[in-house]
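What follows is one structure encoded as structure tokens, with my remarks underneath.
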Amino acid sequence: DQNFGNLSGLQKRGRSSVMEERKKMVECGVLDEGDYEGSTPSSGGSGGGGTDGGTVTEAYISPPANRQQPNAENAANNNNNNNNNNGKDWKWYDGNLNEYYNKLERDEHAKRDPNVITSYAVHRWMGPDGSTLVHYDLVRAAIYELVLYKHPPPPSQSSHPDGNADKIRVFDAGCGLGAGLMWFEQHEPKWDLVGHTISEEQHKWIVEDLPAHKFVARLRSYDKPLGGSDDGDGSNTNGDDDSPLLFNAVYSIEAAVHSPDLRRSLAAWSDALLPGGVVVIVDDFLSVGVSRDDPDVDLFARSWIANAVHTTVEISNWAEKMGMTLVRDRDLGSEFQIIKRNYRNKAPVLRDEQGRAHQGWLGSKVRQKLMVEGKISYRLIVLQKNGAAKKGDATAVVTTTGQSQSCASVPTLPSGNGENTPTLSITIDPLLMSGKGAKGGKQMACISGWYCCDQGTTIWDDLERSRTERTGYLQLPRELFGHYLTSFSKHLTDFYQTYPASYPEGRTEPGIFLDIGGTGSVASGMQQVTSKFSNFAGPLKYWVLDSDPDAKKLTNAVVCDVDDCPEAPDCGYDVTFSHTVLEHAARPWKSFDTIARITKRGGLTLHLVPWSYQYHATPDDNYRFSHKALETLLEDRGFEVLDVGYDVCTQPEHMLKNRKDEHFEKIWLTYVVGRKL
């Protein structure tokens, strides 16, 4: 919406300077090439009249005059002079989704290549590469993480070339031209795939034009997610069979929005899921607080046949009554910068310079306007079916907490042995070590040369004695303040004392205590440590996980980014631990996903992170955590929180007198201890 007539300073420097500024704005995405008039001496655009002061055309879509008559005349009348329809009427299909898609396919059929999935994967493109296949990678990742409880293969890579892929059953609700089914068949050849479309032309393309395939595609509503015939191994070989088989996953990409009754569709999909299965929806969702009676939303609903424009809050509430839980909600619009990359940060005009009249092209423009204005958002949500998976059932691998049924447990005493059964006699002392040398190196008096901790209760008591104000929402209870070392050593002692006294006798090797970020960032100028918290390992082997390249020199290191670490085995560690590390993670929620995946059932997880702390980029510094944040991050991933609180650390007197830089005089650290259920 920049008016170049106001750039008087540029105009004084001459026309070339104005052209240079316009070119820069095109390059940075504020303008498209055709968005300003007068760009060349010969231009005669109606908005700028061929002058240097051409004005960017603004887009405005006013409400339809008659909401009951969605015809081209109404749409044209709702545009201002800049939004004319070039004399071309929009063609409406009165809510007939079959004919809506049939006509689109007849118009675009010649552009399709059955051997090139991108030519018939007609979703909104995303990312810097403008890919329409990103959606399938996102859906696959959700299925891997929540159903198979594994790390997904890298984007666009086929799974498990060794042939050990999991065999599951997946339903495509609104399969369109079959792009998703074909992509999954090529990338997950062992998956049993079924899809439904209600468009005759789309179904004809799948049956007659696509290369030979194993997946089943039917011409019918996606409210009836039926499997094919079951040969006993879960495969579907007969596309005409109406066997009511259950699925591990249902996904719907830009199709759920067309449902005449999304609540009914969700109920059908829930009924078709195995326990622990997921529904993955990628689509447009109404923003909270925006009314469906909004004129632009109404025009979008009619032109896009978007019968189901709902908020994720509504869908979550419905899902709970159907035995499903909303477990993921990703804003793809923000994540993939759709408004900037796809829409150049501006709303469209309601005209189509390519002479297309199908109402869907109008719908796509209204969709763009609503997204730019924040009235709708493009999201990926995952609903997971409640109930525990059955052990040994390859088609039902996880519970709703993501707990693998095959996850190894920490050692426990045999049941029925009584209270007198001997257990491991061990005590973990609340000591900090230097980390250099055998057995942790030298003992340290304080957490660092700058700070000594365990000052929380003293400071809390001092405040109570001297306070002049009492504001409820600012206060924290005294019991939330403590010494993190005392908490960690107590819970580790209690934990190890549940191990059999003979541990690790009878085992090939002891379990592992994993210190995440345990070597220090050598790349940032820090000195490497190798055994800083080895005294916490007790009867376990001490290992570190770190992304620092120098960690590769260690024999007891897993080298990876904790946000995404396939190198760390599922359920491989008795104890997972970090000490002022997770604030450096780019996506700490993914770090906690990893922690949940790799911790054994019944295992401990202990973490110390900053709450009030100076910026410290080693190599990055991204997050701060309250006690509530840590509770949520653990509880959402199947942990029971055993202890959580704050430790306040202050500078010793000699530091306050002699040293001064960016270090805070007082820092707050947050600690948490959890047990994996």
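The values are calculated or read from the model by the stated rules, or taken from the named source; none is laboratory data. Since this is a predicted model, take the numbers as computed values, not measurements. Every residue, glycine as well, gets a Cβ built from its backbone with ideal geometry; the counts of neighbours run over all protein chains shown. Heavy atoms of the whole protein, side chains included, go into the accessibility calculation; ligands, DNA and RNA do not. Shrake-Rupley method; radii C 1.70, N 1.55, O 1.52, S 1.80 Å.
Condition (residue is modelled with pLDDT of 95 or more and either more than 26 Å from the chain's Cα centre (by Cα) or among the hydrophobic types (A, V, I, L, M, F, W, C) (or both)) applied to the range 546-561: is it met by at least one residue?
No, there is no match, as no residue in the range 546-561 is modelled with pLDDT of 95 or more and either more than 26 Å from the chain's Cα centre (by Cα) or among the hydrophobic types (A, V, I, L, M, F, W, C) (or both).
Answer with yes or no whether V575 is open to solvent by 20 Å² or more (accessible area, probe 1.4 Å), of a type in the set (A, V, I, L, M) and either in contact with a Leu (Cβ under 9 Å, 6 or more places away or on another chain) or under 22 Å from K676 (Cβ atoms) (or both).
Here the answer is no, as V575 does not meet what is asked.
Given (1) open to solvent by 10 Å² or more (accessible area, probe 1.4 Å); (2) over 18 Å from I376 (Cβ atoms), identify the lone condition not met by V279.
Answer for V279: the failing condition is (1).
Among the residues of the range 630-677, what is the count of those that are open to solvent by less than 50 Å² (accessible area, probe 1.4 Å) and polar (S, T, N, Q)?
Initial filter on the range 630-677 (open to solvent by less than 50 Å² (accessible area, probe 1.4 Å)): 630-631, 633-634, 637-639, 641, 643-652, 655, 667, 669-674, 676.
After this cut, where a residue has to be polar (S, T, N, Q) as well, the list is 650-651, 670.
Total satisfying the criteria: 3.
If R507 satisfies all but one of (1) closer than 24 Å to P569 by Cβ; (2) open to solvent by 50 Å² or more (accessible area, probe 1.4 Å); (3) not in a loop (DSSP other than H, G, I, E, B), what's the number of the condition it fails?
With respect to (1) closer than 24 Å to P569 by Cβ; (2) open to solvent by 50 Å² or more (accessible area, probe 1.4 Å); (3) not in a loop (DSSP other than H, G, I, E, B), R507 is out only on (3).
Residue-by-condition table, conditions (1) closer than 26 Å to Y671 by Cα; (2) within 39 Å of the chain's Cα centre (by Cα); (3) outside any helix (DSSP H, G or I):
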position: I426; (1), (2), (3): yes, no, yes
position: K436; (1), (2), (3): yes, yes, yes
position: S448; (1), (2), (3): yes, yes, yes
position: T458; (1), (2), (3): yes, no, no
position: L485; (1), (2), (3): yes, yes, no
position: H491; (1), (2), (3): yes, yes, no
position: T498; (1), (2), (3): yes, yes, yes
position: S502; (1), (2), (3): no, no, yes
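Out of everything in the range 117-155 that is open to solvent by 60 Å² or more (accessible area, probe 1.4 Å) and not acidic (D, E), what residue ends up being nearest to A568 (Cα to Cα)?
It comes out as K150.
Each row is one residue, and each column tells you yes or no for (1) closer than 19 Å to S131 by Cβ; (2) in contact with a Gly (Cβ under 9 Å, 6 or more places away or on another chain); (3) touching a residue at least 40 places away in the same chain (Cβ under 8 Å).
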site	(1), (2), (3)
A142	yes, no, yes
I168	no, yes, yes
L177	yes, no, yes
W183	yes, no, yes
P189	no, no, no
Q202	no, yes, yes
A212	no, no, no
A217	no, yes, yes
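Taking the range 656-672 as the region of interest, how many residues are part of a loop (DSSP other than H, G, I, E, B) and closer than 17 Å to I459 by Cα?
Number of matching residues: 2.
Going through V313, V366 one at a time, which residue ends up being over 21 Å from the mean Cα position of the chain (by Cα) and of a type in the set (V, I, T)?
V366
Are any of the residues in the range 637-646 assigned to a loop (DSSP other than H, G, I, E, B), in contact (Cβ under 8 Å) with a residue 40 or more places away in the chain and closer than 17 Å to A596 by Cα?
Filtering the range 637-646 down to residues assigned to a loop (DSSP other than H, G, I, E, B) leaves 637-638.
From what is left, the residues that are in contact (Cβ under 8 Å) with a residue 40 or more places away in the chain are 637-638.
Still in the list and also closer than 17 Å to A596 by Cα: 637-638.
Among the residues of the range 637-646, at least one is assigned to a loop (DSSP other than H, G, I, E, B), in contact (Cβ under 8 Å) with a residue 40 or more places away in the chain and closer than 17 Å to A596 by Cα, which makes the answer yes.
Filter the range 514-558 for residues that are part of a strand (DSSP E or B), touching a Ser or Thr at 6+ places or on another chain (Cβ under 8 Å) and open to solvent by less than 10 Å² (accessible area, probe 1.4 Å) and give the result.
Hits for the range 514-558 are L514, D515, I516, V544.
Just one of (1) surrounded by 17 or more Cβ atoms within 10 Å (Cβ to Cβ); (2) in contact with a Ser or Thr (Cβ under 6 Å, 6 or more places away or on another chain); (3) not in a helix (DSSP H, G or I) trips up D113, so point out which.
(1) is the only condition that D113 fails.
Assess whether V609 counts as being closer than 15 Å to H584 by Cα, in contact (Cβ under 8 Å) with a residue 40 or more places away in the chain and not small (G, A, S).
Considered against the rule, which asks whether it is closer than 15 Å to H584 by Cα, in contact (Cβ under 8 Å) with a residue 40 or more places away in the chain and not small (G, A, S), V609 comes out as yes.
Might you check whether a residue that is more than 24 Å from the chain's Cα centre (by Cα), closer than 27 Å to K541 by Cα and modelled with pLDDT of 95 or more occurs anywhere in the range 630-643?
yes
Show the residue pairs that are 6+ apart or on different chains and have beta-carbon atoms under 9 Å apart, the first residue being within the range 367-392 and farther than 17 Å from V250 by Cα, the second being acidic (D, E) and at pLDDT below 95.
Filtered contacts from the range 367-392: K369/D296; L370/D294; L370/D296; E373/D296; K375/D294; K375/D296; S377/D331; Y378/D331.
If you take the residues in the range 434-478 that are among the charged types (D, E, K, R) and closer than 19 Å to A537 by Cβ, which one is most open to solvent (accessible area, probe 1.4 Å)?
Selected residue: K439.
How many residues, within the range 579-629, are open to solvent by less than 60 Å² (accessible area, probe 1.4 Å) and farther than 29 Å from Y144 by Cβ?
The number of residues fulfilling the criteria is 13.
Would you mind stating whether G333 is in contact with a strand residue (DSSP E or B) (Cβ under 8 Å, 6 or more places away or on another chain), closer than 15 Å to I376 by Cα, free of Cβ contacts under 8 Å to residues at least 60 places away in the same chain and not charged (D, E, K, R)?
Considered against the rule, which asks whether it is in contact with a strand residue (DSSP E or B) (Cβ under 8 Å, 6 or more places away or on another chain), closer than 15 Å to I376 by Cα, free of Cβ contacts under 8 Å to residues at least 60 places away in the same chain and not charged (D, E, K, R), G333 comes out as yes.
Looking for whichever is among the aromatic types (F, W, Y) and in contact with a Ser or Thr (Cβ under 7 Å, 6 or more places away or on another chain) here; the options are Y503, Y499. Which one fits?
Details: Y503 fails: in contact with a Ser or Thr (Cβ under 7 Å, 6 or more places away or on another chain).
It is Y499.
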